[in-house]
1. Going toward the positive end of the dipole of the chain, with +1 on Lys and Arg Cβ and -1 on Asp and Glu Cβ, which of ILE126, TYR364, VAL50 do you reach last?
2. Rounded to the nearest 5, what % of DSSP beta bridges with both residues in the range 164-291 are antiparallel?
3. If you place +1 on the Cβ of every Lys and Arg and -1 on the Cβ of every Asp and Glu, how big does the dipole about the Cα centre of the chain come out, in debye to the nearest 20?
4. Could you work out how far the C-alpha centroid of the range 364-433 sits from that of the range 95-111, in angstrom?
5. For the pairs LYS125/LYS417; LYS90/LYS127; LYS127/LYS210; LYS164/LYS327; LYS125/LYS418, note any where the Cα-Cα span goes beyond 29 Å.
6. Add +1 for every Lys or Arg and -1 for every Asp or Glu among the other residues with Cβ under 15 Å from the Cβ of ARG162, and state the total.
7. For GLU469 and LEU74 in one chain, what is 0.36 nm times their gap in residues minus the Cα-Cα distance, to one decimal in nm?
8. In a shell of Cβ-Cβ distance under 12 Å around ALA435, excluding ALA435 itself, what net charge do Lys and Arg (+1) and Asp and Glu (-1) give?
Amino acid sequence: MEDWRFLPFFYPSILQDQEKISFSLNPDINFGPSAGIKLITMELRIEKIVYPGRSIGLYQKQVVFTDEGLPGELVRVEILSSRKNFHEAKTVEILEPVPDRIEPRCSHYRACSPYQIMTYKLETKIKSEQLAEILSRFKIPFPPAGGKLPCLVPSPQIYGYRNKIKLAVVWDSPQPFLAYHEPGSQTDLLPVENCALVSSEANSLLSAFKELIETSPLPAIGQIAIRQSFSSSALLAILYSDNKQSLAEAASKWLPRLTAHPGLTGVAGILNRHPGARPASIYGQLNLEEKLEKVSLRYGPESFFQVNPPQLLAVLKGLKTWFVELKPVRLLDLYAGVGTFGLLLSDYASEVLAIEAEPANIFYFKENLRLNQATNIKLVAGRVEQRLNEITAFQPEAAIVDPPRKGLEPELIAVLKKIPLKSIFYLSCHPATLARDLNRLRPEFQPVAIRAFDFFPRTPHVEVLARLERAD
């Protein structure tokens, strides 16, 4: 078996053999009843936390992945399943906590932000180590010099930073409640009274929703969401339902209570069974507006927008430092969203070609072009992989890509390598797929700088910005 010390910091996709094997019982292993069956329990020392957020330890030369435990802690775990190369477990007791363990602020922290159990200093150290390990696994030459860990730009706020929260409404209970799903489960739910990751204003609106579902039930409303502008603090509430009637009932039953909430500028309704349909206006505005430097960005109930705007400004600062060297360039903006990067970097570009597929984003991208009077940006609607001819014809000199977690498609990478592109700026929410794509872009492009940004403090997730330059 592979030496446990060198198991990857990304969990555990590289362990391909999923064949079930029987577990060899040991006299030191204790038994404990759970739901009428006997479960194997054991004690082990946590060695490290692997991406994205699983704790790893060693028991008699066998690797054990578990759901909680900080490096150095002695924990008791229950074995849930055994595979050829590792065991899956659940931590049932922390036997020897380390000084970096702290009390979580949320009772549902496992669902919203499992890193609440540690100091922020330890969290940033773990994330830096994970990124260094992932890059080294893919043979990415990093760090560039000095032997230091990757630079992780900390978040200006580690609580109250999220501009969005979405919760299920549980009606089949003696008293209805708002909830997150348990990690990895579609059925188990964790009640949510308030959440430390969103603002006090958003939590106050959550309390109003809690009161409404208890006193004026509308069982067809299956989910609620709250979005908030960081720059104005304005709130947008979103109701998800299976039918129009419940949205009409919400307008009559819930609006008097909701509209009394200061800062609420709109309530939108979305029909779950009608994908692609525009959200219905129940009250007020259907959008929020964020002000980033001199650029105004509007987005709607279903639009993508970064959840941590202050950290977005930190990314922008880094990008502008690089773009000063390049301007003016023909800039390609892929997975462009509502136009965030295209508009924020338009002063450094002679022309911008932006490509976006989601209708909810396209609608507000067009609105943002009008709002900012941007004349050097052309928006093309469609999937990036279907617009390769337009990319080739545009002949960009620089590209900024902000893809979904799955990363870049091979056919797009082939085109980027073929056209006379000089620089690529790649923002990724998934370090492992970023590292994979950096390898795929070789040898034509080489990474010259990589920076991590903690967009999601108290969670296992991190955004990474890589700058690549053409090798020749």
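What follows is calculated from the coordinates using simple rules that are stated; it is not laboratory data. The structure displayed is predicted, hence computed values, not measured ones. For neighbour counting, all protein chains shown are included, and Cβ atoms are generated from backbone atoms with ideal geometry for every residue, glycine included.
1. Of the listed residues, the answer is TYR364.
2. Looking only at bridges with both residues in the range 164-291, the antiparallel portion is about 75 percent.
3. 820 debye
4. 41 Å
5. Result: LYS125/LYS417; LYS127/LYS210; LYS164/LYS327; LYS125/LYS418 exceed 29 Å.
6. My count for the surroundings of ARG162 gives +1.
7. Net length gain for the segment: 137.6 nm.
8. That sum, taken over residues with Cβ under 12 Å, equals +3.
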